[in-house]
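A.B. asks: The structure is given below, and queries will be raised subsequently.
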Amino acid sequence: MKSMRRLISILSLTVGLCSCRVGPKYHEPQFTPPIQWKNQELEEEPVLPNYCNWWEVFHDSVLNHLEWQALENNKDIHIALSRIAQARATSLTSQAALFPQLSFSPGGSKINGPVNLTPLDRLRPLTTILPPISLKNIDIAYLLLPINLSYEIDLWQKNQRLFEVDYYNYQAQEEAYRTAMLSLTTNLADVYFNLRTSDKLLKVLAAILEIRKENLRINRSRFEKGLSTKIDLSQAEEEFYSAEADYYQTLGQRGTYENAIATLIGLPASQLTIALQPLEFDPPKIPIGLPSELLLRRPDIAQAERQMASNHAKIGAAYASFFPSLNLNSAFEYLTLELKHLFKARSRLFSVGFLADQTLFDGGRKSANLLLAKAQFEESLENYEKTILQAFQEVEDSLVTLKNQSKQFSSLSRALASATDTTTLSNKRYKSGLVNYTEVIQNQRIQYDLELNHVRLQGQRYQATIQLIKALGGNWNAMEVSTIEELQCEE
């Protein structure tokens, strides 16, 4: 066993002294971000509490509960976790090639028969321990306890590069998992606030429906008394049933949002019912930070960079394949005819050897593999830079949308206030007999359209806020989150 330990030490020293890393060295590409955001408001950045999770900024307990259900039960998250496990197992398999391989294969044999029928090769391992053999017959039984060691000396670090290919891909899958988490949580929040927008629309439509129902009652009564025309009654009926149709259309749309939420949290649509809760507040303002911070926040950028590193390692492995490989093999075994002599010195056998392998001609296969590795790296480099550009575009898109939606909301609020006053005055003039019912209907339509658009715009502002959060990479506190468990706040 001392000889075995000595051999392993020699192998390790040989690798350390002789290994040479061939191929280009990897350097993460440098990207110069803009100094400031083009569409950022000049006002001071909002300061928010250090939330554990970005969705807590909305202070909605129902949303918080749904987000956790989604993270625990969503199938896309489970798929992403499975891919991480697969990539990790693959990297461990590649890592195993960096170490010596030991095997133990005990055996025994019994040889009985004439000498001229016994293969001489079967007798050669026994020549040092066999007793004198009869020239006519052989009757021998022996035991063999071999320990074999094989090791490929990674002189050119080909195996190391192949391990890096799989290990960096494993890291890329971890970032893909974070990307899936961000996509899931933002998609859920987006659908959730669509549902809450529908709740607010239903509340407004219910109020409109009540008003038009009362208008219909009044016009029917006036028509029956001969105080108004059939046209006024028909217009009142048209307005009532039109509002009723809008109400049921919105109710149906709300149902589809509820079903979508059920799927996202891993439940059959039939098992989820969410109570009505109309939107009442404006969405929160989100701190944007510096453009340079975006590269550290976005998991999809990190995923693209790790995939690029993995493809770069393929280039090194392709270069290393041009050089010869060297394999060492050794065996230490006990061979005896009698069990009682198995572990004695005279029963020991030791062998050591090496095998060098150098391809002389392969029809250009190695050169083609090198070209393929370089092309894959170039593709991943372009994809990395494209991902960065898309990230900045998404942030700027969200900023310009939010900035103009804020101005639009302010203008729409003033228009709604004026339309409400106009409708109130028109109703008074109609009751006084100064105007006909057509003018009342026109003013009410303007007011109700503005009111519904006001609600829809409020919902769109929530959606734009969520898209900004997603574009910023989720948590704006520079939190690195790689697992669901890390989302938990410390007690």
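Taken together, the values in this text are just the output of simple stated rules run on the coordinates, not laboratory data. Owing to the predicted nature of the structure, the values given are computational and were not obtained by experimental measurement. All Cβ positions, glycine included, derive from the backbone under ideal geometry; neighbour counts span all protein chains shown.
A.B. asks: Taking 2.2 N^0.38 Å as the expected size of a compact globular protein, what ratio does the Cα radius of gyration of segment 366-460 give against it, to two decimals? Could you put the intermediate results ahead of the total?
C.D. replies: Details: Rg = 27.7 Å, N = 95, 2.2 N^0.38 = 12.4 Å.
That works out to 2.23 for segment 366-460.
A.B. asks: May I ask you to sort TYR51, TYR151 by Cβ crowding, counting other Cβ atoms within 10 Å and putting the fewest first?
C.D. replies: TYR51, TYR151
A.B. asks: Using alpha carbon coordinates only, what is the Rg to Rh ratio of segment 224-287, with Rh defined as the Kirkwood radius?
C.D. replies: On the way: Rg = 20.2 Å, Rh = 15.8 Å.
Reported Rg/Rh, Kirkwood definition of Rh: 1.28.
A.B. asks: Applying 1/(1 + (r/R0)^6) with R0 = 45 Å to the Cβ-Cβ distance of LEU98 and ASN404, what FRET efficiency is obtained, to the nearest 0.05?
C.D. replies: Numbers: r = 57 Å, r/R0 = 1.27.
The computed FRET efficiency comes out at 0.20.
A.B. asks: If Lys and Arg each add +1 and Asp and Glu each add -1, what is the summed charge of the other residues whose beta carbon sits under 15 Å from the beta carbon of HIS59?
C.D. replies: On the way: positive: ARG196, LYS285; negative: GLU56, ASP60, GLU67, GLU280, ASP282.
Neighbour charge sum, excluding HIS59 itself: -3.
A.B. asks: Would you mind calculating the gained length between ALA356 and ASN73 on full extension (0.36 nm times residue separation, minus the Cα-Cα distance), in nm to one decimal? Walk me through the intermediate numbers first.
C.D. replies: Details: separation 283, 0.36 × 283 = 101.88 nm, distance 5.29 nm.
That works out to 96.6 nm of additional length.
A.B. asks: Using Cβ contacts closer than 10 Å as the measure, can you line up LEU371, LEU209, LEU472 from fewest to most? Spell out each step's value before the answer.
C.D. replies: Details: LEU371 12, LEU209 19, LEU472 23.
Lowest count first: LEU371, LEU209, LEU472.
A.B. asks: Turning to a different aspect of this structure: For segment 259-298, what does the equivalent ellipsoid look like in terms of its semi-axes, each the square root of 5 times an eigenvalue of the Cα gyration tensor, given largest first in whole Å?
C.D. replies: Details: eigenvalues 229, 71, 4 Å².
Those come to 34, 19, 4 Å.
A.B. asks: Let me ask another. ALA85 to GLU224: FRET efficiency via 1/(1 + (r/R0)^6), r the Cβ-Cβ distance, R0 56 Å, to the nearest 0.05?
C.D. replies: On the way: r = 76 Å, r/R0 = 1.35.
Working from the Cβ atoms, E equals 0.15.
A.B. asks: How would TYR384, TYR248, TYR26 line up from fewest to most surrounding beta-carbon atoms within 10 angstrom?
C.D. replies: On the way: TYR384 21, TYR248 11, TYR26 16.
If I rank by nearby Cβ atoms, fewest first, I get TYR248, TYR26, TYR384.
A.B. asks: May I ask you to evaluate 6.51 cos²θ - 1.76 cosθ + 1.60, the Karplus curve with θ = phi - 60°, for each residue of segment 350-358 and list the ³J(HN,Hα) values in order in whole Hz, giving x for glycine and proline?
C.D. replies: Computed from phi, the couplings for segment 350-358 are 9, 9, 8, x, 9, 9, 9, 10, 9 Hz.
A.B. asks: Using 23 Å as the Cα-Cα cut-off, could you pick out the over-long pairs in LYS158/LYS366; LYS38/LYS403; LYS203/LYS428; LYS75/LYS314? Intermediate values should be presented prior to the final figure.
C.D. replies: Working: LYS158/LYS366 13 Å; LYS38/LYS403 11 Å; LYS203/LYS428 25 Å; LYS75/LYS314 32 Å.
Going by Cα-Cα distance, LYS203/LYS428; LYS75/LYS314 fall outside the 23 Å limit.
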